[in-house]
Amino acid sequence: GSTEKPIGVALAPAFADGDIIPVRLLNSPGTVKVICGAGVARSAVLYAIASGNVDDASGGSDIKCGYSLEAGDSGDIIEMIPALVL
């Protein structure tokens with residue numbers, strides 16, 4: 001959800017509750033690919049939104065999860081520099 005602190009990015013889709021999937025932790029070195037939930041600007045702060053995607057507009061309680069390295073539209077896959085929030 002948008003108010004839960006993210007710990008990582010899913011590297012494969014989960015189709016049912018309890019599915020085991022690989023996750024890239026936000027404190028891992030390097031960048032990760034994420035899906036835009038709306039239009040995103042390059043170099044913007046990204047927030048985790050309820051759908052599991054990212055957006056550069058915070059709803060006030062959304063949690064920062066990284067910084068965009070490129071711009072994208074809703075549904076686009078972009079590269080993000082993760083920022084672990086404790």
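The values are calculated or read from the model by the stated rules, or taken from the named source; none is laboratory data. Keep in mind that what you see is a predicted model, and the values were worked out from it rather than measured. Don't worry about glycine lacking a Cβ; one is built from the backbone with ideal geometry, like all the others, and counts go over all protein chains shown. Heads up: the accessible areas ignore ligands, DNA and RNA and are worked out on the full protein's heavy atoms, side chains in. Shrake-Rupley method; radii C 1.70, N 1.55, O 1.52, S 1.80 Å.
Observations, loosely collected:
- In this Cβ point-charge picture (+1 for Lys and Arg, -1 for Asp and Glu), the chain has a dipole of about 260 debye about its Cα centre.
- Calculated diffusion of the chain, Stokes-Einstein form, Kirkwood radius summed over Cα pairs, 10 °C and 1.306 mPa s, µm²/s: 124
- Counting protein heavy atoms only, the chain has 56 percent of its accessible area on carbon and sulfur, 1.4 angstrom probe.
- Using a probe of 1.4 Å, the accessible surface attributed to residue 19 totals some 70 Å² when neighbouring protein chains are kept in position.
- Think of the chain as having a plus end and a minus end, set by charges on the Cβ of Lys, Arg, Asp and Glu; of 32, 15, 54, 32 sits farthest toward the positive end of this dipole.
- Accessible surface area normalised per residue over the chain is 59 Å², counting heavy atoms of protein chains with a 1.4 Å rolling probe.
- Computed lengthening from residue 10 to residue 63, 0.36 nm per intervening residue step minus Cα-Cα distance: 17.4 nm
- Theoretical gain in end-to-end length, residue 24 to residue 81 [0.36 nm per residue, Cα-Cα removed]: 19.3 nm
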